Amino acid sequence: MIQYNASEFADDVISFFYFEWVFEYHSKASVKTYPKKFVHAAKVNKFAPSECIVIEDSVSGIQAAQNAGMKVIGFMGGQHFNSVVQERLLSAMADFYCYSTLELKELLSNLN
């Protein structure tokens, strides 16, 4: 499972890998750390949470995916990242981290 906001990022990653589906979820009504959006995406597509990988660039998103029982890749390749933001994301304890789409592609290749 990939949840994304930046279409350029998603296009770059998707063009390298074949995904059965990509799920994008936007809701202003839910608190971001709640796992509801991730659980819903897995359920709709008949996946167990443990079969899903979430790519996230926020602490609350990492926490939500973890609360859903999913593996999480913390992505720190965005232009908004500096040492303070990176330190916060590292403190979220994602399963894996990467700093660029190139590293993400390599990581996903190794996970398959």
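The values are calculated or read from the model by the stated rules, or taken from the named source; none is laboratory data. What you see is a predicted model; the values in this text were computed from it and never measured. Neighbour counts are summed over all protein chains in view; Cβ atoms, including those assigned to glycine, are modelled from backbone coordinates with ideal geometry.
Observations, loosely collected:
- Selection within the stretch 77-103 - outside any helix (DSSP H, G or I) and either within 15 Å of P35 (Cα to Cα) or modelled with pLDDT of 90 or more (or both): A92, M93, A94, D95, F96, Y97, C98, Y99
- Number of residues in the stretch 35-69 that are part of a loop (DSSP other than H, G, I, E, B), over 15 Å from L108 (Cα atoms) and not polar (S, T, N, Q): the value is 7.
- Top-ranked residue in the stretch 66-104 [being of a type outside the set (A, V, I, L, M, F, W, C) and within 20 Å of E51 (Cβ to Cβ); ranked as surrounded by the most Cβ atoms within 10 Å (Cβ to Cβ)]: G74
- Per-region count, the stretch 56-77, residues among the polar types (S, T, N, Q) and out of contact with any Lys or Arg (no Cβ under 9 Å at 6 or more places or on another chain): 2
- The residue that is surrounded by the most Cβ atoms within 10 Å (Cβ to Cβ), counting only those in the stretch 43-65 that are farther than 29 Å from F81 by Cα and modelled with pLDDT under 90, is F47.
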